[in-house]
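Okay, so here's the structure we're looking at.
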Amino acid sequence: MARRIVSLKDISKACGVSIATVSKALNDHSDISKETKERIKEVADKLGYHPNAAAQALKTNRSNNIGVLFVDEANSGLTHDYFSHVLDSFKKAAEKEGFDITFINGDRTRNNNMSYLSHAIYRGFDGVVIACVEFSDPEVDELIKSNIPVVTIDHSFYNRIAIVSDNIKGIRELVTYVYEQGHRKIAYVYGMENTAVTQSRLTSFYNTLQDLDVSIPDSYMVPSPYRNTDKAFEATLKLLDLPDPPTVILYSDDFAAFGGMNAIRSRGLRVPEDISIAGYDGIELARRISPRMTTIVQDTDKIGRTAASKLIDLINNPKGTLIEQIIIEGTLEKGESVGKIPVEEPIAKV
């Protein structure tokens, strides 16, 4: 049997006061005494009273609902380890502050013909977080330029708050570590998508090699889609077939590194005894396989929490919230997939 919804009238009757007094007490009006407020709220709790969400939204012009725009072209959805952990952290932090989370339909086959902005307006979102999308998409650009509070993850716009991983420092630490292990023939199977993440990592990769005075051939740089083990497998075979193959291969993410590891083993080679590898992201599986993956562990919990905190600040205090880019550092997990090799010192001239 359905449970009857408790009304203000029920609380009024139980407390022996007017409905107007109950309404004022529940909304903390100053003309109601503290003792009366406490008594009315206590009775409301005992009766199981919950304010009507739609009525609250009309009164405050707030829905307490945040939209999440997450478009994964690889169709891995929320099995995408990095973003699933980021969004889980975001969800928990937002719900703790009383906000509900609703995903914006990012499916290109959607039949309602609503743009992302139209969907956000239709749902009455107080704000939107954007992650893992094609940021050059006109629909994304339309949403970014709207008046709706927006926070982006891993992409920066000049007029929007952005929470980004420190991809520059992450790659620098990874390249420096393999260099310290004696590697000079360093290859990179990098993400082929033209994103801010990819560009930051590529720039950092080349800058670090230059600082270390290491020169590599162009053939050591192979583009491959993110999180695609099959394409990473093919890219790795291409590197292994070079006349002078690399001694270590860096990958765009841990899943890609799994594909590389399979390719290496298919040639009867061992990791790291015959060739070393390193991933990126620090997903749980990468730290449980053998050998444990050398990788950069991204702080997904902090990224999600910070995104939620900044978006809620922007919703509650739009004029007083600083529009900024917040960089979240990861940590190097040395693992076991990068072996140490002897460095050939140049022969000194007499």
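The values are calculated or read from the model by the stated rules, or taken from the named source; none is laboratory data. Just so it is clear, the structure is predicted and the values come from calculations on it, not from any experiment. As a convention, Cβ positions derive from the backbone with ideal geometry for all residues, glycine included, and neighbour counts pool all protein chains shown. SASA here: full protein model, heavy atoms, side chains in, ligands and nucleic acids out. Shrake-Rupley method; radii C 1.70, N 1.55, O 1.52, S 1.80 Å.
Within segment 1-53, take every residue that is modelled with pLDDT under 80 and open to solvent by 100 Å² or more (accessible area, probe 1.4 Å) and give me the one that is nearest to ASN64 (Cα to Cα). Checking each candidate, the answer is HIS50.
In the set (1) at pLDDT below 95; (2) surrounded by fewer than 16 Cβ atoms within 10 Å (Cβ to Cβ), the condition left unmet by ALA286 is number (2).
Tell me, please, whether a residue that is closer than 29 Å to THR236 by Cα, among the acidic types (Asp, Glu), open to solvent by 20 Å² or more (accessible area, probe 1.4 Å) and in a loop (DSSP other than H, G, I, E, B) can be found in segment 107-124. Checking segment 107-124: not a single residue is closer than 29 Å to THR236 by Cα, among the acidic types (Asp, Glu), open to solvent by 20 Å² or more (accessible area, probe 1.4 Å) and in a loop (DSSP other than H, G, I, E, B). So which residues in segment 147-162 are loosely packed, with under 14 Cβ neighbours inside 10 Å and under 17 Å from SER115 (Cβ atoms)? Passing the criteria: only ASN147.
Which of the strands (runs of 3 or more DSSP E) found entirely inside segment 253-350 contain at least 3 residues meeting this: within 16 Å of the chain's Cα centre (by Cα)?
Details: elements: 276-278, 295-297, 325-328, 331-333.
Result: 325-328.
Of everything in segment 218-271 that's more than 22 Å from THR195 (Cα to Cα), among the basic types (Lys, Arg) and touching a residue at least 12 places away in the same chain (Cβ under 8 Å), which residue is surrounded by the most Cβ atoms within 10 Å (Cβ to Cβ)? Result: LYS238. Residues that are out of contact with any helix residue (DSSP H, G or I) (no Cβ under 6 Å at 6 or more places or on another chain) and at pLDDT below 70 are absent from segment 88-97 altogether.
In segment 157-186, what residues are under 14 Å from VAL129 (Cβ atoms) and in contact with a helix residue (DSSP H, G or I) (Cβ under 7 Å, 6 or more places away or on another chain)? Break it down into steps so the answer makes sense when it comes.
Within segment 157-186, the subset under 14 Å from VAL129 (Cβ atoms) is 157, 160-164.
Listed by number, the residues that qualify are PHE157, ARG160, ILE161, ILE163.
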